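The values are calculated or read from the model by the stated rules, or taken from the named source; none is laboratory data. This structure is a prediction, so every number in the text was calculated from the model and none was measured. We place every Cβ from the backbone using ideal geometry, glycine too, and count neighbours over all the protein chains shown.
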């Protein structure tokens with residue numbers, strides 16, 4: 001084959017590859033817009049530090065903030081039933097964390113647990129929410145912990161579900177890394193990543209909900225389709241990469257927490273090792289540990305009533321602690 005023929009063949013391959021990539025990009029953008037039309041925002045928007053955040057709000061009473069995990073959005077708490085259960089006695093605010101659902105995630109920041117906590121702290125100020133009970137599930141538990149540790153006056157109590165608290169080797173970090181790399185990640189997210197995500201989704205969801213089946217209402221909801229949009233893939237992959245560094249940054253500080261902490265986990269969790277909640281419980285002497293037998297990572301779907309009870313318990317402890325501190329302050333002032 002002549003040199004000219006080789007060059008022509010190479011050029012043809014490059015043109016075909018470019019055309020295929022352009023076609024996939026166009027389709028993925030179209031598909032993302034279609035999903036967003038089918039599942040429009042269910043809540044409201046606020047702009048905090050130039051970043052638009054979406055949140056769902058229901059109920060009245062003492063405030064509760066809900067922070068979801070990876071691959072889902074704030075609607076996860078609605079689908080599971082937790083949102084309505086808690087809203088009977090509380091003002092409940094479920095945020096789309098940055099980059100998930102309809103919340104923005106600007107480029108130029110790694111958006112680890114600390115950065116997300118800082119943004120949410122400012123969001124609470126904008127919404128006039130003072131010392132709420134903060135519930136975090138999975139990756140949201142790391143953000144809840146960072147919020148309580150870095151802004152102790154902003155949180156009244158913590159409820160942590162299926163959290164990842166200590167660094168360990170994880171294969172999912174390797175899988176999520178390519179889509180988080182600048183430029184390369186953009187190319188992947190608008191080409192093959194949505195397709196691969198859709199193909200792998202049944203296996204991933206099975207592992208998340210195991211040993212119980214994936215609920216039908218979850219599959220009919222927005223999460224399976226919203227999670228494979230290019231923008232949310234970026235957030236999911238960045239969270240995957242930031243998971244271990246965030247745990248490293250927080251792991252020696254848990255004993256600083258003086259507020260009520262309720263830790264919940266399923267004994268059959270296949271996503272996070274069952275030793276993680278036990279270690280956290282041992283490191284926070286005043287914490288409460290609730291291990292739910294025969295339940296996996298998505299325990300809020302299996303036992304939403306137990307999650308609501310944990311929030312009530314944390315709120316009661318927070319009230320008692322507040323009253324004790326006020327009484328101590330009054331006694332100190334009068335004695336002086």
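For the stretch 41-94, which positions are out of contact with any strand residue (DSSP E or B) (no Cβ under 8 Å at 6 or more places or on another chain) and more than 22 Å from residue 234 (Cβ to Cβ)? Reasoning before the result, please.
Looking only at the stretch 41-94, we keep the residues that are out of contact with any strand residue (DSSP E or B) (no Cβ under 8 Å at 6 or more places or on another chain), and these are 48-51, 70-73, 79-81, 85, 88-89.
Selection gives 79, 80, 81, 85, 88, 89.
So which of 300, 322 ends up being in a helix (DSSP H, G or I), in the same structural domain as residue 178 (by TED's automatic domain parsing) and under 18 Å from the mean Cα position of the chain (by Cα)? Spell out how you get there, then give the answer.
Working: 322 fails: under 18 Å from the mean Cα position of the chain (by Cα).
Criteria check complete, one pass: 300.
Any chance the stretch 237-250 includes a residue that's within 30 Å of residue 318 (Cα to Cα), crowded, with 16+ Cβ neighbours inside 10 Å and touching a strand residue (DSSP E or B) at 6+ places or on another chain (Cβ under 8 Å)?
No.
For the stretch 272-295, enumerate the residues that are within 24 Å of residue 205 (Cα to Cα) and in contact with a helix residue (DSSP H, G or I) (Cβ under 6 Å, 6 or more places away or on another chain). Show your work before the answer.
Step one: filter the stretch 272-295 for residues within 24 Å of residue 205 (Cα to Cα), giving 272-277, 290-295.
Selection gives 292, 295.
Does residue 59 qualify as being under 15 Å from the mean Cα position of the chain (by Cα), modelled with pLDDT of 90 or more and assigned by TED's automatic domain parsing to the domain that holds residue 315?
Working: under 15 Å from the mean Cα position of the chain (by Cα): no; modelled with pLDDT of 90 or more: yes; assigned by TED's automatic domain parsing to the domain that holds residue 315: yes.
No, not satisfied.
Just to be sure I understand, how many residues within the stretch 156-171 are more than 16 Å from residue 97 (Cβ to Cβ) and either within 18 Å of the chain's Cα centre (by Cα) or modelled with pLDDT of 95 or more (or both)?
Step one: list which residues in the stretch 156-171 are more than 16 Å from residue 97 (Cβ to Cβ), which gives 156-159, 165-171.
Narrowing further to those that are either within 18 Å of the chain's Cα centre (by Cα) or modelled with pLDDT of 95 or more (or both): 156-159, 165-167, 170.
Count: 8.
Among the residues of the stretch 203-219 satisfying the criterion of being touching a helix residue (DSSP H, G or I) at 6+ places or on another chain (Cβ under 9 Å) and part of a helix (DSSP H, G or I), which is farthest from residue 303 (Cα to Cα)? Walk me through it before giving the result.
Within the stretch 203-219, the subset touching a helix residue (DSSP H, G or I) at 6+ places or on another chain (Cβ under 9 Å) is 204-205, 209, 212-215, 217-219.
When the remaining residues are screened for being part of a helix (DSSP H, G or I), the result is 204-205, 209, 217-219.
On the way: 204: 21, 205: 18, 209: 12, 217: 15, 218: 15, 219: 18 Å.
Only one residue fits best here, namely 204.
Could you check how many residues of the stretch 148-172 are touching a strand residue (DSSP E or B) at 6+ places or on another chain (Cβ under 8 Å) and either more than 19 Å from residue 72 (Cβ to Cβ) or not assigned by TED's automatic domain parsing to the domain that holds residue 292 (or both)?
To start, the set of residues in the stretch 148-172 that are touching a strand residue (DSSP E or B) at 6+ places or on another chain (Cβ under 8 Å) comprises 148, 155-163.
Among the residues that remain, those that are also either more than 19 Å from residue 72 (Cβ to Cβ) or not assigned by TED's automatic domain parsing to the domain that holds residue 292 (or both) are: 148, 155-158.
Count: 5.
Scan the stretch 166-176 and give yes if some residue there is under 21 Å from residue 39 (Cα atoms) and outside any loop (DSSP other than H, G, I, E, B), otherwise no. It would help to see each step written out before you state the result.
Within the stretch 166-176, the subset under 21 Å from residue 39 (Cα atoms) is none.
So far as the stretch 166-176 goes, no, none of its residues is under 21 Å from residue 39 (Cα atoms) and outside any loop (DSSP other than H, G, I, E, B).
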